[in-house]
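Participant: Just passing along the structure, written as structure tokens.
The values are calculated or read from the model by the stated rules, or taken from the named source; none is laboratory data. Because the structure is predicted, anything quoted here is derived from the model rather than measured. Every residue, glycine as well, gets a Cβ built from its backbone with ideal geometry; the counts of neighbours run over all protein chains shown.
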Amino acid sequence: MAPWAVHEPYGGPEALKRFTDAAHGLGMGVVLDVVHNHLGPSGNHLPSFGPYFTDTHHTPWGAAVNLDAPGSDEVRAYFLGSALAWLRDYRIDGLRLDAVHALADTRALTFLEELSAAVDELAKEQGRQHFLIAESDLADPRMTTPRTLGGLGVHAQWNDDFHHALHTALTGESQGYYGDFARAPMAALAKTLTRVFFHDGTYSSFRGRHHGRPVDRERTSAHRFLGYAQTHDQIGNRALGDRLSASLSPGLLACAATLVLTGPSVPMLFMGEEWGASTPWMYFTDHTDPELAEAVRRGRKREFAAHGWSEDEVPDPQEAATRDRSVLDRSERERDPHKRLLAWHRQLIALRRTLPDLTDPDLAGVKVAFDEEARWLVFRRGDLRVAVNLGGEPAVIPLGSNGRDRVLASWDPVDAPAADGLLRLPGESAIVLTDG
């Protein structure tokens, strides 16, 4: 069942039910983005009614939601009931849990473990699949490890390490958290394709400390992790909301799609990514509180000015034009290079649906070779070889043996490997090969 992501249940409860029923009728699932780690500052009067927040912990949004201080039993019960209601009453299939690393919880039985157990019990009662997908920057495999093995039992999580490695390899950016990946981006990309987390106990210069924990590749399914080149957060949190298409060639966009859609993790695409949408995805708001609106406006300008942007460049999130500029231009799909990129995504998705090697969850079976200087990478999954050349010049890639047949090739014509076992791959292109 392919997922549809929904951020807000516009139209009320009945409209949402109709939406989920329509999606299920098309063989699709619906995933709702839920935020348990903070509430908006405007109109939030919950502290007047009970101990919903605690000063024991603090988050980037202020006082933490009370998950472990006195009175937290009722708060946790409220959040559990809310999550189950979305799945049970509105027929949502799964929940994407926002920034779970910001859930301050010191109890022996954590909220996430309690939630995953409750969701599994509901799925059993209803005889249908329900799942949780965490957004986490902890690089901790215990997040998705089953509860019976001492983990939290969340069914999957976003893998930002793969995103950061891929983004750095494609763009060369090195600011902020990209700095950890920029020293050897092809090596970082290879590591995230085979070992999931780049930070698995290694030193993070961005954090100023060691970070993460290794994934047990022999016992962990690759389907526990989502792989992606772009998300609403990674684009919307940029000063100008610029997508990869604003700075990359169609060939490199095709390479990014190849790595996402043939990689071992569950692939995820951001809206418009499939045709290389030229429209930005800017951060926009509609706060009715004038003081809050001005604080957000000033905060955005101040934040990005510190990273090198002129304050005049940073869009006003309260301006209607900021939102309007972020609306997709779907007519782009009918003209090149967007049309060609869309066709490439469709070919890769069809390939993933038909070739078992591309849905094999065996992480230990993924083998990778790369050249940091020439900027090529090739990985093996079963009988398949996937090669990308992110460099601008043709690359000669040793495949180790002859007799492989081309399955798909992207932007430029690519010959099958020559008799010497070498693949000659044009710059900024990708190919999928199978054993002949």
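Participant: Being in a helix (DSSP H, G or I) and either among the charged types (D, E, K, R) or at pLDDT below 95 (or both) is the filter here; which residues of segment 323-338 pass it?
Facilitator: 323, 324, 325, 330, 332, 333, 334
Participant: Among the residues of segment 75-96, is there at least one that is assigned to a strand (DSSP E or B), in contact with a helix residue (DSSP H, G or I) (Cβ under 9 Å, 6 or more places away or on another chain) and buried (at least 16 other Cβ atoms within 10 Å of the Cβ)?
Facilitator: Yes, segment 75-96 has at least one match.
Participant: In segment 170-223, which residue that is of a type in the set (Lys, Arg) and within 19 Å of residue 141 (Cβ to Cβ) is surrounded by the fewest Cβ atoms within 10 Å (Cβ to Cβ)?
Facilitator: Just the residues of segment 170-223 that are of a type in the set (Lys, Arg), to begin with: 183, 191, 195, 207, 209, 213, 217, 219.
Filter again for within 19 Å of residue 141 (Cβ to Cβ), leaving 191, 195, 207, 209, 213, 217, 219.
Numbers: 191: 21, 195: 17, 207: 13, 209: 8, 213: 15, 217: 16, 219: 12.
Result: 209.
Participant: Scan segment 327-352 and report the pairs whose first residue is of a type in the set (Phe, Trp, Tyr) and whose second residue is surrounded by fewer than 18 Cβ atoms within 10 Å (Cβ to Cβ) and assigned to a loop (DSSP other than H, G, I, E, B), with Cβ atoms within less than 9 Å and a gap of 6+ or a chain change.
Facilitator: none
Participant: Right, another one. Quick check on segment 402-418: of everything there that is at pLDDT 65 or above and not in a strand (DSSP E or B), which residue is nearest to residue 257 (Cα to Cα)?
Facilitator: My answer is 410.
Participant: Determine which member of the set 295, 246 is surrounded by fewer than 18 Cβ atoms within 10 Å (Cβ to Cβ), assigned by TED's automatic domain parsing to the domain that holds residue 134 and free of Cβ contacts under 8 Å to residues at least 40 places away in the same chain. Explain how you work it out, then say what you get.
Facilitator: Values: 295 fails: assigned by TED's automatic domain parsing to the domain that holds residue 134.
After ruling out the rest, the residue left standing is 246.
Participant: It is to be established whether one or more residues within segment 167-189 are on the phi > 0 side of the Ramachandran plot, modelled with pLDDT under 95 and not acidic (Asp, Glu).
Facilitator: Yes, segment 167-189 has at least one match.
Participant: In addition: Only one of (1) part of a loop (DSSP other than H, G, I, E, B); (2) modelled with pLDDT of 95 or more fails for residue 352. Which number is that?
Facilitator: All conditions are met except number (1).
Participant: So residue 286 clears everything in (1) in contact (Cβ under 8 Å) with a residue 40 or more places away in the chain; (2) part of a loop (DSSP other than H, G, I, E, B) except one condition, right? Which one?
Facilitator: Failed condition: (1).
Participant: Would you mind telling me which numbered condition in (1) in a strand (DSSP E or B); (2) surrounded by 17 or more Cβ atoms within 10 Å (Cβ to Cβ) residue 55 fails?
Facilitator: Checking residue 55 against (1) in a strand (DSSP E or B); (2) surrounded by 17 or more Cβ atoms within 10 Å (Cβ to Cβ), the one that fails is (2).
Participant: Could you say which residue among 105, 21, 98, 68 is more than 27 Å from the chain's Cα centre (by Cα) and either among the charged types (D, E, K, R) or not assigned by TED's automatic domain parsing to the domain that holds residue 139 (or both)?
Facilitator: 68
Participant: Quick one: which of 259, 226 is under 13 Å from the mean Cα position of the chain (by Cα), crowded, with 22+ Cβ neighbours inside 10 Å and on the phi < 0 side of the Ramachandran plot? Step through it out loud before you land on a result.
Facilitator: Values: 259 fails: under 13 Å from the mean Cα position of the chain (by Cα).
When all the criteria are applied, what remains is 226.
Participant: A further question on this structure: I'd like the residue in segment 262-282 that is of a type in the set (Gly, Ala, Ser) and under 24 Å from residue 325 (Cβ atoms) and, out of all such residues, is surrounded by the most Cβ atoms within 10 Å (Cβ to Cβ). Steps first, answer last, please.
Facilitator: Just the residues of segment 262-282 that are of a type in the set (Gly, Ala, Ser), to begin with: 263, 265, 272, 276-278.
When the remaining residues are screened for being under 24 Å from residue 325 (Cβ atoms), the result is 272, 276-278.
Values: 272: 22, 276: 27, 277: 22, 278: 14.
Of everything passing the filter in segment 262-282, 276 is surrounded by the most Cβ atoms within 10 Å (Cβ to Cβ).
Participant: Among (1) more than 21 Å from residue 133 (Cα to Cα); (2) within 29 Å of the chain's Cα centre (by Cα), which single condition is residue 80 missing?
Facilitator: (1)
Participant: I'm told residue 341 meets every condition in (1) aliphatic (A, V, I, L, M); (2) part of a loop (DSSP other than H, G, I, E, B); (3) at pLDDT 95 or above except one. Can you identify the failing condition by its number?
Facilitator: Unmet for residue 341, out of (1) aliphatic (A, V, I, L, M); (2) part of a loop (DSSP other than H, G, I, E, B); (3) at pLDDT 95 or above: (2).
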